[in-house]
Amino acid sequence: GAVVSQHPSWVICKSGTSVKIECRSLDFQATTMFWYRQFPKQSLMLMATSNEGSKATYEQGVEKDKFLINHASLTLSTLTVTSAHPEDSSFYICSARDGARIYEQYFGPGTRLTVT
Amino acid sequence: QKEVEQNSGPLSVPEGAIASLNCTYSDRGSQSFFWYRQYSGKSPELIMFIYSNGDKEDGRFTAQLNKASQYVSLLIRDSQPSDSATYLCAEGGSQGNLIFGKGTKLSVKP
């Protein structure tokens, strides 16, 4: 159980375009989803926390107008990188928390974004 | 601000040995701690969590928490080459998020 999927697994886009990444909890209801970013040889850094039906809470230094997060249902959250630039190239990973098991958080497989 | 510190390694152990991974945290009030394993190019996999002082065992893995010393460790018994990965220590944040350390790279030599 506790499977989280992400789509796409990798994407290459041109500078200035927008990219949408989907995160789905497949077998549980995720009241909260988190979006992390990981640059090479660095640890995961939290970008934003997303609660179903409400606006996402962004971490300091993360531009909310550039990284649009929508958590429209208990099983789906999306991250849209708008007007992407090469410095946005990174490994984006979502995680979901099962409301019934508060100490456990399950990660999606990640999306490798390359902006050329 | 919460911080989690880990030795980046690499930590190299022979196959069959015990690997000991350590982590310290800054917030004395933190309640929950997690160990994740991350293979190169993959997302983290939860190994175990711990929130009470003492030891917690799950198969070949034992997590140890010492709140007085603000110290969390993970022991891997009978290490296998397939255990070679980066091990991330994390503490639970106030919003249910995770605050990660930079990870310790473990190499198990056959």
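Where a number appears in this text, it was derived from the coordinates with a stated rule and is not lab data. The shown structure was predicted, so the numbers you read here are calculated from the model rather than taken from an experiment. Here the Cβ positions follow ideal geometry from the backbone for every residue, glycine too, while neighbour counts run over all protein chains shown.
With the convex hull drawn around the C-alpha atoms of the protein assembly as shown, the volume per residue stands at 120 Å³. In a simple Cβ point-charge model (Lys, Arg +1; Asp, Glu -1; nothing else charged), the protein assembly as shown has a dipole of about 320 debye relative to its Cα centre.
Close Lys pairs in chain B, defined as Cα atoms under 16 Å apart and 8 or more places apart or on different chains, number 5. Rounded to the nearest Hz, the phi-derived 3J(HN,Hα) couplings of the stretch A:43-52 under the Karplus curve 6.51 cos²θ - 1.76 cosθ + 1.60 (θ = phi - 60°) are 7, 6, 10, 5, 9, 7, 10, 10, 10, 4, where x marks glycine and proline. Shielding value for B:91-97 is 5, the average number of Cβ atoms from other chains within 10 Å of each residue's Cβ.
Close amide H contacts of A:A2 (hydrogens built in the peptide plane, cut-off under 5 Å, sequence separation of 5 or more or a different chain): A:D27.
Scalar couplings 3J(HN,Hα) for the stretch A:73-85, obtained by applying the Karplus form with A = 6.51, B = -1.76, C = 1.60 to θ = phi - 60°, are 9, 6, 10, 9, 10, 10, 10, 10, 8, 8, 6, 5, 10 Hz; x denotes Gly and Pro.
Peptide A:37-50 has a mean of 4 when you count, residue by residue, the C-beta atoms of other protein chains within 10 Å of its C-beta.
The relative contact order of the stretch B:11-81 comes to 40 percent, based on Cα pairs under 8 Å that sit 6 or more residues apart. Taking amide H atoms as placed 1.01 Å from N in the peptide plane, the amide H of B:D27 lies under 5 Å from those of B:E3, each 5 or more residues away in sequence or on another chain. Full extension of the chain segment joining A:T17 with A:M45 gains 7.7 nm, where the gain is 0.36 nm per residue of separation less the Cα-Cα distance.
Here the Karplus relation 6.51 cos²θ - 1.76 cosθ + 1.60, evaluated at θ = phi - 60°, turns the backbone of the stretch B:97-110 into coupling constants of 7, 10, 10, 9, x, 7, x, 10, 7, 10, 10, 9, 8, x Hz, with x for every Gly and Pro.
The mean number of partner chain beta-carbon atoms within 10 angstrom of a residue's beta-carbon across peptide B:33-46 is 4. Summarising the amide proton neighbourhood of A:M47: residues at separation of 5 or more, or on other chains, whose placed amide H is nearer than 5 Å comprise A:W35, A:Y36, A:R37. Candidates A:H85, A:Q105, A:S95 compared by Cα position along the dipole of chain A: farthest toward the positive end lies A:H85, with charges placed on Cβ.
Lysine pair count for chain A (Cα-Cα distance under 21 Å; residues 8 or more apart in sequence or on different chains): 7.
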